[in-house]
Amino acid sequence: APAEPTSADVLGLRRQALAEVQENYYEDPPRIERGWRQHLTDLNGRTYLDMVNNVAAVGHAHPRLNAAVSRQWNLLNTNSRFNYRAIAEFSKRLADLLPDPLDTVFLVNSGSEAVDLALRLAQTFTQREDVVCVAEAYHGWTIGSDAISTSTADNPHALTTRPSWVHPVLAPNMFRGQFRGPDAAARYIENARQAIETGRPPAAFICEPFYGNAGGVPLPDGYLPAVYETVRAAGGLCVADEVQVGYGRLGHHFWGFEQQHVTPDIVTIAKAMGNGHPLGAVITRRDIAETFSRNGYFFSSAGGSPVSCTVGTTVLDIIADENLQQNAATIGDHLRRRVEQLAQDHPMIGAVHGMGLYMGVELVRDPHTLAPAPDETAAICERMLDLGVIVQPTGDLLNVLKIKPPMCLTIESADFFADMLARTLRDGW
Ligand code: PMP
């Protein structure tokens, strides 16, 4: 029998055939063979605690999901032009998760598609082109979603190369943004107001309602209520990108926008809803959705297929039946306490951002200047891999350990992560 390719063989083949931009994070990445709950196992049978796979929200290789998908594949898979039960029930289920008047669903295959569709809906509805977004954001790779992606970690030239219809405002980051301290929220709101009220009135304002890409940084209190009011007064729509932070991961809230006490006009979701199966959605008001009946078009060949809708419904069933949102709150709070305790001994931990099982541990060289520690962050991630934990850097400065594990994380696993981080910070990397 041919020899099993080694980790290096597979990496070589990958580098030969795959565009380099999709390179992974580690110097010597393990060859991952299988997943189980919050764990990944490599070719040699070594198991790692997976602290980054927010897409596998209900855990890797969930047996109930596998059984439902396999049954549906055997029964029927076709496009959304046919009348089958799964699409009707899943769409209703999604709409019921959102507050009024958000009652109309479009089903797509990814977050990028959802964001693109949201922008096009807003532009068609308002008959305008311009969009206000925030710095340090990632919204996707398609032409539209890439245009409003401003993260300089992903693209160093992001802020100087946006198309003329895109207007980024300051990242409202209270920890290290341009404004800090007691009047910072008001100044970020004023900064956004100027962008909204200057020049051509915008079709939309879009941001993550809880700042995932920046490392789980909460928006300043009152930010979205004030900005949404300004956008609406200017005749624009408010889009909340919940692709990363929505769907129960914050534990104390199912949606990120709840934490800001607002209701958006359009919500985009993906990632967790498919647990790794390509699945995304846009949920909006009926009058906004109907714009396309008069002017525009939407159809997705695989979006909303019976298999996709079965995945979507089963994921929601699992989240409910296994109390995964509650688990995200309980385990997330525990993990936060553990990391905050570590911060007392290690001034390198500048902040513990986030909520529930969306956390960011921001590492700094100096707690006063907040000089970022990107090299240390990368080295700590390498060392954590040696110790059996997968955790990766995020944020524009790549100095935030992003923590977004499957929502079935146990207290033992949370403690294992905290213990290994403690050991790394104590013994060096
Ligand atoms: N929006 C946000 C907030 C995201 O984090 C991502 C993916 N990282 C996307 C959109 C794009 O989603 P996808 O990768 O499914 O196209």
### Summary
Filtering the stretch 350-366 for residues that are free of Cβ contacts under 8 Å to residues at least 40 places away in the same chain and in contact with a helix residue (DSSP H, G or I) (Cβ under 8 Å, 6 or more places away or on another chain) leaves a count of 3
## Note on the structure
Of the residues in the stretch 367-412 that are in a loop (DSSP other than H, G, I, E, B) and without any contact (Cβ under 8 Å) to a residue 12 or more places away in the chain, the one that is surrounded by the most Cβ atoms within 10 Å (Cβ to Cβ) is Ala371
### Boolean, Ser308 is assigned by TED's automatic domain parsing to the domain that holds Trp255, farther than 22 Å from Gly356 by Cβ and either of a type in the set (D, E, K, R) or under 21 Å from the mean Cα position of the chain (by Cα) (or both)
yes
### Query
So which of Arg338, Arg249 is within 30 Å of Ala418 (Cα to Cα) and in contact with a Lys or Arg (Cβ under 8 Å, 6 or more places away or on another chain)?
Arg249
#### Entry: Residue ID - farthest from Arg200 (Cα to Cα), chosen from residues in the stretch 148-161 that are within 11 Å of the ligand (Cβ to nearest atom) and among the hydroxyl-bearing types (Ser, Thr, Tyr)
Ser151
### Summary
Subset of the stretch 233-254, residues away from the ligand (no atom under 13 Å from the Cβ) and touching a residue at least 12 places away in the same chain (Cβ under 8 Å), comes to Ala234, Gly235, Gly236, Leu237, Cys238, Gly248, Leu250, Gly251, His252, His253, Phe254
## Note on the structure
Among Glu242, Glu208, Glu197, Glu229, the single one that is in contact with a helix residue (DSSP H, G or I) (Cβ under 8 Å, 6 or more places away or on another chain), of a type in the set (Asp, Glu) and surrounded by fewer than 17 Cβ atoms within 10 Å (Cβ to Cβ) is Glu197
#### Entry: Evaluation of Ile206 against (1) within 13 Å of the ligand (Cβ to nearest atom); (2) out of contact with any Phe, Trp or Tyr (no Cβ under 8 Å at 6 or more places or on another chain); (3) modelled with pLDDT under 95; (4) of a type outside the set (Phe, Trp, Tyr) (one fails), failing number
(3)
#### Entry: the stretch 106-147 - residue that is in contact with a Pro (Cβ under 8 Å, 6 or more places away or on another chain) and closer than 30 Å to Pro306 by Cα and, of those, farthest from the ligand (Cβ to nearest atom)
Asn109
### Failed item, numbered, when Leu224 is tested on (1) within 14 Å of the ligand (Cβ to nearest atom); (2) of a type outside the set (Phe, Trp, Tyr); (3) free of Cβ contacts under 8 Å to residues at least 40 places away in the same chain
(1)
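Given the residues Ser145, Ser151, which is the only one that is in the same structural domain as Ile266 (by TED's automatic domain parsing), at pLDDT 95 or above, within 21 Å of the chain's Cα centre (by Cα) and among the polar types (S, T, N, Q)?
From the options Ser145, Ser151, the qualifying one is Ser145.
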### Query
Of these, Ala214, Ala281, Ala272, which one is touching a Phe, Trp or Tyr at 6+ places or on another chain (Cβ under 6 Å), within 12 Å of the ligand (Cβ to nearest atom), under 21 Å from Gly140 (Cβ atoms) and not acidic (Asp, Glu)?
Ala272
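The values are calculated or read from the model by the stated rules, or taken from the named source; none is laboratory data. Quick caveat, the model's predicted, so the values are computed rather than measured. When we count neighbours, we look across all protein chains shown, and the Cβ atoms used for this are built from the backbone with ideal geometry, even at glycine.
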